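This report refers to the structure that appears directly beneath it.
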Amino acid sequence: MVFSGIDRDKAFKTQDDLKLYYPDLAPEMQYQQPRYLVKIGQFTYKIEAQKIFSQLKEQFPTARIIQDRFQRKEYAAPTSDPNAPNQN
């Protein structure tokens, strides 16, 4: 997470700065009343996030690594097939 706060303008500025300086990261803004959150990346392991975090920390000192839930792109939710045999 790169930004967390109630200042909407600052949240959008942070998002714009991230797009400018790190175009490959695709920042995402979320609103959880009353806070705006600007997040980047979805990493399975914390060690993967450390590399980007160390680059961001100089320009965005409030950045931090957080644990968040997300669905991986390669994951396909199981479907219920009425013709499939029971696996008990």
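The values are calculated or read from the model by the stated rules, or taken from the named source; none is laboratory data. Everything quoted here is computed from the prediction, not taken from an experiment. A quick note on method: Cβ atoms are made from the backbone with ideal geometry, for glycine too, and the neighbour counts reach across all protein chains shown.
Exactly one condition in (1) crowded, with 16+ Cβ neighbours inside 10 Å; (2) of a type outside the set (Asp, Glu); (3) over 19 Å from ILE65 (Cα atoms) is not met by ILE6; state its number.
(1)
Cβ-Cβ distance below 7 Å, separation of 6 or more or different chains: which pairs start in the stretch 26-55 with a residue that is closer than 13 Å to GLN67 by Cα and end on one that is part of a helix (DSSP H, G or I) and among the hydrophobic types (A, V, I, L, M, F, W, C)?
As it stands, the answer is ILE40/LEU18; GLY41/ALA49; GLY41/ILE52; PHE43/ALA49, since those pairs meet every condition given.
Please pick out the residue among ALA77, ALA49, ALA11 that is surrounded by 13 or more Cβ atoms within 10 Å (Cβ to Cβ), at pLDDT below 95 and at negative phi.
Numbers: ALA77 fails: surrounded by 13 or more Cβ atoms within 10 Å (Cβ to Cβ); ALA11 fails: at pLDDT below 95.
From the options ALA77, ALA49, ALA11, the qualifying one is ALA49.
Consider the stretch 16-38. How many of its residues are part of a loop (DSSP other than H, G, I, E, B) and either surrounded by 13 or more Cβ atoms within 10 Å (Cβ to Cβ) or under 10 Å from the mean Cα position of the chain (by Cα) (or both)?
Final tally of qualifying residues: 4.
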